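Computed from the coordinates by the stated procedures, all read-outs in this text should not be read as laboratory data. Note that the coordinates shown come from a computational prediction; the quantities given were computed from them, not determined experimentally. In this analysis, Cβ positions are derived from the backbone assuming ideal geometry, glycine residues included, and neighbour counts consider all displayed protein chains.
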Amino acid sequence: MKKLTDEQIQSLLDDDHGADTGNLSAPDRQQLEGYRSLFQKLNQEPPEGLPFNFASKVSTQLKLKLKRQSDIRFNLLALLGVLAGMLLVYGMLILMDNTAAQTFLQAVLRFKWMLMLGVCTLLGTLIFEQRVVEER
């Protein structure tokens, strides 16, 4: 049997008589009851009410989430920039002098752990700086 769509669930909840629920499958009835209890809970206000700064807390959390996403993009772009810069240097060396390009590639491969440590240090510094600024 096919699952109920949102419109069908809404029409069954609007009827609120439950006359059509007899011909529903067990998972559909369970889903309908789940929605019904959810709507009943949403129609009730919390007994203590919302705090006065609720809106500012929500907007602050949304801003932090957007800032984190922007920071992640920036960090990935920084990593991509380092890799693109290395490839650009290698490409320019190939155009100018093939032996210099091979020497550069050998040096990069020889010191790959130092380069990776440098890139990780750069990204670590960026992430640490972003977290410190976020806390203040």
Checklist entry - How far, in nm, would the chain grow between residue 120 and residue 89 when pulled straight, counting 0.36 nm per residue and subtracting the alpha carbon separation? => result 9.1 nm
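On a full-extension model of 0.36 nm per residue, what is the gain between residue 133 and residue 73, subtracting their alpha-carbon distance, rounded to one decimal in nm?
19.9 nm
Under 1.5 on a/c is rounded, so check that first for the stretch 54-135, then, if it is not, pick prolate when a/b is larger than b/c and oblate when it is not; a ≥ b ≥ c are the square roots of the alpha carbon gyration tensor eigenvalues.
Prolate shape, in that a/c is at least 1.5 and a/b is the bigger ratio.
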Checklist entry - With θ set to phi - 60° and the Karplus curve 6.51 cos²θ - 1.76 cosθ + 1.60, what are the ³J(HN,Hα) couplings of the stretch 35-43 in order, to the nearest whole Hz, using x for Gly and Pro? => result 5, 4, 5, 5, 5, 5, 5, 6, 6
Checklist entry - Say each of residue 98 and residue 54 gets a label point 7 Å from the Cα, pointing the same way as Cα to Cβ; how far apart are those two points in nm? => result 7.3
